Amino acid sequence: IPKSCAAWGCFKRSFHKFPKDKGLQKQWETALIRERFSASSSTVLCSEHFRQEDFDRTGQTVRIRKGVILSVFCFPAHLQKVRSTRL
Ligand SMILES: [Zn+2]
């Protein structure tokens, strides 16, 4: 079964697993703004949600840099509102 991205309204095939670091994982979960959402070892996000500079392309495989928090989303309108008032 092809996995799909954990972000709202995104149905792309995913490429990146959640970080193993618990603190960072929590920040990713928070950034997703999904209620009762908890990342599992199989939760993935596609590369659409990161900025170009978030990727480390120096190795053989493209990785997400350490400490990077996902940042690019296509939220439903009501969540966009919540987010912009919080920031
Ligand atoms: Zn996605």
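The values are calculated or read from the model by the stated rules, or taken from the named source; none is laboratory data. Not measured: the values here are computed from a predicted model. In this analysis, Cβ positions are derived from the backbone assuming ideal geometry, glycine residues included, and neighbour counts consider all displayed protein chains. Just so you know, the surface numbers come from the protein's heavy atoms only, side chains and all, with ligands and any DNA or RNA stripped out. Shrake-Rupley method; radii C 1.70, N 1.55, O 1.52, S 1.80 Å.
General observations
- All positions within region 35-63 that are open to solvent by less than 80 Å² (accessible area, probe 1.4 Å), within 14 Å of the ligand (Cβ to nearest atom) and over 19 Å from Lys3 (Cα atoms): Asp54
- Any chance Lys81 is modelled with pLDDT under 85 and more than 16 Å from the ligand (Cβ to nearest atom): yes
- Cβ separations smaller than 7 Å between residues 6+ apart or across chains give the following pairs from region 1-21 residues that are free of Cβ contacts under 8 Å to residues at least 60 places away in the same chain and within 15 Å of Ile69 (Cα to Cα) to residues that are aliphatic (A, V, I, L, M) and assigned to a loop (DSSP other than H, G, I, E, B): Phe18/Ala39.
- Screening Trp8 on (1) modelled with pLDDT of 85 or more; (2) in contact with a Leu (Cβ under 9 Å, 6 or more places away or on another chain); (3) open to solvent by 80 Å² or more (accessible area, probe 1.4 Å) shows it passes everything except condition (1).
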